[in-house]
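What follows draws every value from the coordinates through simple rules; no lab data is involved. Everything numeric in this text was worked out from a predicted model, so none of it was measured. Glycine also receives a Cβ, built like all others from the backbone with ideal geometry; neighbour counts cover every protein chain displayed.
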Amino acid sequence: MSSIEFRKDLFADERDDNLNEIGKPKLRQDIEGHVRGRTAYYDDHLFDGLLHMRCVRSPHHHARVRSIDSAGAERMAGVRRVVRASDVPHNINTLLSLIGFGRDDEQLIADRKVAYKGEPVLAIIAETEAQARAACAAVRVDWEVLPHVLDVEEALTPGAPVVNEEYPNNCFDYAPYDHVKLRFGDVEAGFAQADRIVEATYEMSPIEQAPIETCGAIAAPETSGRYVCHTGTQALFFSLGTTAKLLDMPSSKLHFIGGTVGGGFGGKVDSLTEPMAVLGAVLTGKPVKFQWDREEEMQVGAPRGAERWIIKDGVMADGRIVARQFTGFFDAGAYTRLSSYAGTKGTGHLPGPYSIPNVASNVFCVYTNRTPATAMRGFGITGVDFAIECHMDRVAEAVGADPIHLRILNAYRDGDMKAHRRRAKNCALVECCQVAAGKAGWRVSPEDMAASSKTGTTADRQAIPETALDEDGRIGDRKAGRMPSARPAKGTKRLPAGTHGRDHKAVPVQRPDMQQLAERVGHRVAPERDAAPAASPTVPARAPDTPTPATAPSRPTAAPPATSSPPAEARPAAAPPQPMPQLQPAQPKPYEPDTPFRQGVRRPGVSRFLSGSRRR
Amino acid sequence: MTTVRTLATVAEAVSERGHVLGGGTLLMREVNYRPETVTEILRITDASLKEIRIEMSRITLGAGVTMAAVAARAELAALAPSARSVGGPAIRNMATVGGNLFAPHPYGDFAAALLALDARVHWAGGREEEIESFLAGRDRASGLVTAVSFVPPARGGFRFRKVSRTKPKGVSLMSIAANLTLSGSRVERARIAFGAMGPTPLRAKAAETALEGKTLDEAGIARALTVATDGLAPPDDALASSWYRDRVAPVHLSRLLLERS
Amino acid sequence: MAQTPVRFTLNGRETGLFVEEAANLLDVLRRGAGDISPKYGCGQGTCGACTVLIDGAPHLGCLTLAATVEGREVRTTGGMADGPGLTALQTAFMEGFAAQCGFCTPGMLMAAKALLDRNPQPTRDEVIEAISGNLCRCTGYEPIVDAILAASGQRGAA
Ligand SMILES: Cc1cc2nc3c(=O)[nH]c(=O)nc-3n(C[C@H](O)[C@H](O)[C@H](O)COP(=O)(O)OP(=O)(O)OC[C@H]3O[C@@H](n4cnc5c(N)ncnc54)[C@H](O)[C@@H]3O)c2cc1C
Ligand code: FES
Ligand code: FES
């Protein structure tokens, strides 16, 4: 509304200004329902004879389950069904397995061991919520409490308790390393050349999304042997695929209805409530609701994970940053969920919006006995951005530079080579600094006011430098006591200047019936034809000529390929026409698979939104 | 649930297991979250519980009087800030004086005010008790509180301050109530009570003594500030650590005492 | 579970239901009377999504023992507008973008209505106080406060 100011003077020559909707106030299409109190969220679908499902949860951070005595609870008034881990047909999953990333590491209902406070070990379905609660309170669990670890760096030390047995080193495997490596140039050389070294550690606590509507789902038997599921999920097809996998049923048997979410902010993608509700409906033949209360939302609901970042900069007296090194720790909590992706995504963001010729980072996704973490508003980016911008102020102070000047001086200009070997485009930090300084009444020098994101790149800034590589931190090294430091090590090998990275490869769809669905709705991978990239990630599917993968094995053990990454981050190799002269001394290694992963919707008659190309 | 219509029949109904329903803002949480712990709800509809009696020498608030009702009465203007400090508007339409007496940490802002007023707690059956001993024994007590009564504070003598992170409606880091009797510019008698600085609202007796005979200026209150938290047991919770509460209590007490009335 | 009868008027209509003895009003309105407008956000009084008016004053449905509304008048957002038109408050929320996901909206509207019914020209601080028991996680409170002021005819009041 009134608080938005459009600065159409900036980059005015690069955009049409004849848009019909963008930039103009518009009533939300759903708002009349909101103000009438008629908008139907998942819990607003009323079912006769609705049963209520609740969980018995761990009061401990880390414990083995010796035995569970539910005999008393079973006899209590209104109790219809006790649901055990053994009732879950395929009781192991990892969220990103639907796109082939990471190994299954989490049970829907834990059977032997719990690794965070609030992890469920049993569920009870009763006629009323109060009866389900009372019955859960009556269940006796014999716990063998285990030592726990709540700090990321402690978790990486050799003697730390093993949080997640699928990842005994307490960190996600980004094979062959136990962390994501980014290497660009040689930071050691940069530090040696710098006038000042500025180093600091930054931390961010977990943050609960705290939507006003708590997570939940209602499932009921429907016609034709199907189950309908009303859910507040933010990721309907994710939840559907996850449910199909955990319950080992074809997704065609699941009728998921969602889309109306009472606030999510990332906290409603974990798909924990839908499989529970559907399982309840399968086991009882009745409509079943599984809804978190506020205590569960806060304690069990996955927050944005905690992060710790150590940043070390080498800076010249005039403020030019010549080397930047990161050590990052994403606290995944007890299970992977989406934190593995945060590690990759966070790394893709380094070193922030600044042109720095030497960059190195080691980013870990660490398991601790805290509540598993998941998505929240720009996760993977938020914590490190906070760290980077705090650090910029510290650097400015160290060299006696104005903080706005320091940012403008180091900001990306269109055409600069980024540390992950993509060209910077559509840069606007210089302009943001100028406008923000103006708003804040901050004095900016005439030279800085004259600066522009469109000019200022140089052959040096466009080049991919010779890069120092190391082999430190192979999976298992740290746990075995062979690698005390988590920081990027001194390079032992050199990668010639101009070497580009490798491209991502397609991952098979895990469940064949999901693939059918993908094809039916038109989300499919077209043969490599045109070069223009498209936006909006889709369910990856195979081209029709590739063989359909077999049903997922019960516990796939194969590590993902070293370069794999969730599709949202993947960029097609063929870039849009670049305005800048391409410096490509060495040709990038071509795709490995014959069917590369592609972004974008390819349906006849549907325009593909062209992303990222300011220049036409 | 049992509904009891008159106080005369209440004694039989209040059993060990029965939970008296005030406004329900705390009891219904238990019913919703831990139904197995509330087997019997006693609802007492006797009109006298909602009565506010204002006399020259004594004010009596029925246990069922709500915070909103206290805040709305012009004669209770001195107490309005403490009543208004409880929750948001809907909570205040429900929350009762009686319930606040039993409210566990970090709640009990109104009870802290009553403690500074040396209120008496009236039990069904006629027994009366000083609020201080009531608070000390409340977790073991069973029975129905029918009312609280207190001597109206001297004009300008009663002060209240709630410290919270969210405003309005935040839960207490601490609340402080002071009832001061002045003779000229000197403090003749002081009552200072802290909420959220222990398992129940507690009096800061060392500070009370240190204020007597002193003037309300920086020099006069200096000694009271140094002993402000003697005898308190500030807890650690999600809002603040015990250490923090201990350190900031004198700061807030000094603001309260130096406030111009 | 023992059931007990309760009669009250809901948005002006006589309503009679059998409810579980310990049931709260929120559940009874939603599942018993089929009025889905009050929402469950916490069941412990912290969010305000279940705010309804009892005899004109805002109360939390989740903390109200259903049996205690016997003979009283309950109003919800579901009964705010009678017919195709909307009340000024609803229109102001709509036009002022005072709802995003909409989950807090029914509670917000009830808290706002209680204020405006009693005090048709509130100050900004009074509006803030009136909705202080209602949490919104999406919209931000400014548009909500602005919308309530706009509905009171004081667009942009300080
Ligand atoms: C969102 C929220 C915010 C809150 N904010 C505050 C705050 O800022 N400050 C604060 O002090 N409190 C706060 N509270 C706590 C609570 O609302 C108040 O303390 C309130 O005064 C409790 O009164 P009640 O009538 O609702 O108690 P109830 O819930 O009805 O009862 C509480 C307990 O007291 C017992 N009891 C009640 N009346 C009697 C009686 N007459 N005789 C014997 N036993 C009785 C009950 O059996 C029960 O055990 C808040 C609560 C919520 C939910
Ligand atoms: S559901 Fe009643 S206040 Fe949150
Ligand atoms: S609009 Fe989503 S909580 Fe307010």
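Descriptive notes on the structure:
- Fraction of the pair-distance distribution of chain B above 29 Å, Cα-Cα pairs, percent: 30
- Hydrodynamic radius by Kirkwood, which averages 1/r over all alpha carbon pairs of segment C:88-151, in angstrom: 11.2
- Label-point gap, in nm, between A:Ala137 and A:Cys390 - each point 7 angstrom along Cα→Cβ: 4.2
- Plainly put, the protein assembly as shown has a radius of gyration that is 0.99 times its Kirkwood radius, both from alpha-carbon atoms, as the Rg/Rh ratio.
- When only Cα pairs below 8 angstrom with a gap of at least 6 residues are kept, segment C:88-151 shows a relative contact order of 53 percent.
- Peptide C:102-114 is shielded by partner chain Cβ atoms: per residue, an average of 5 of them sit within 10 Å of its Cβ.
- Within 10 Å of each Cβ in C:13-21, the average number of Cβ atoms from other chains: 1
- With the largest listed first and rounded to whole Å, the semi-axes of the equivalent ellipsoid of segment A:367-459 from the Cα gyration tensor are 28, 19, 13.
- Net charge of Cβ neighbours under 11 Å - reference A:Glu144; Lys, Arg +1; Asp, Glu -1: +3
- Sequence-distant contacts, meaning Cα pairs under 8 Å at least 6 residues apart, place the relative contact order of chain B at 15 percent.
- Among residues other than C:Thr4 with Cβ under 12 Å from its Cβ, the summed charge is -1 (Lys and Arg +1, Asp and Glu -1).
- Hypothetical label at A:Arg461: residues of segment A:377-416 whose amide nitrogen lies under 15 Å (7 Å Cα-Cβ projection): A:405-416
- When only Cα pairs below 8 angstrom with a gap of at least 6 residues are kept, chain C shows a relative contact order of 22 percent.
- Segment B:162-257 - convex hull of the alpha-carbon atoms, volume per residue in Å³: 89
- Modelled spin labels at A:Ala480 and A:Ala12, positioned 7 Å past Cα toward Cβ, are 6.4 nm from each other.
- Rounded FRET efficiency, nearest 0.05, which uses the C-beta distance separating B:Lys205 from B:Leu182 and R0 of 22 Å: 0.70
- Segment B:212-261 and segment C:112-158 have Cα centres separated by 36 Å.
- Label point distance in nm, B:Val227-C:Arg13, each placed 7 Å from Cα along Cα→Cβ: 6.7
- Whether segment A:21-79 is rounded, prolate or oblate, judged on the alpha carbon gyration tensor where a/c under 1.5 counts as rounded: oblate
- Point-charge dipole on Cβ atoms (K/R +1, D/E -1) for segment B:162-257, about Cα centre, debye to 20: 280
- Were the residues from A:Asp151 through A:Asp248 laid out at 0.36 nm apart, the gain over their Cα-Cα distance would be 31.4 nm.
- Each Lys and Arg contributes +1 and each Asp and Glu -1, all at the Cβ; summed about the Cα centre of the protein assembly as shown, the dipole is approximately 980 debye.
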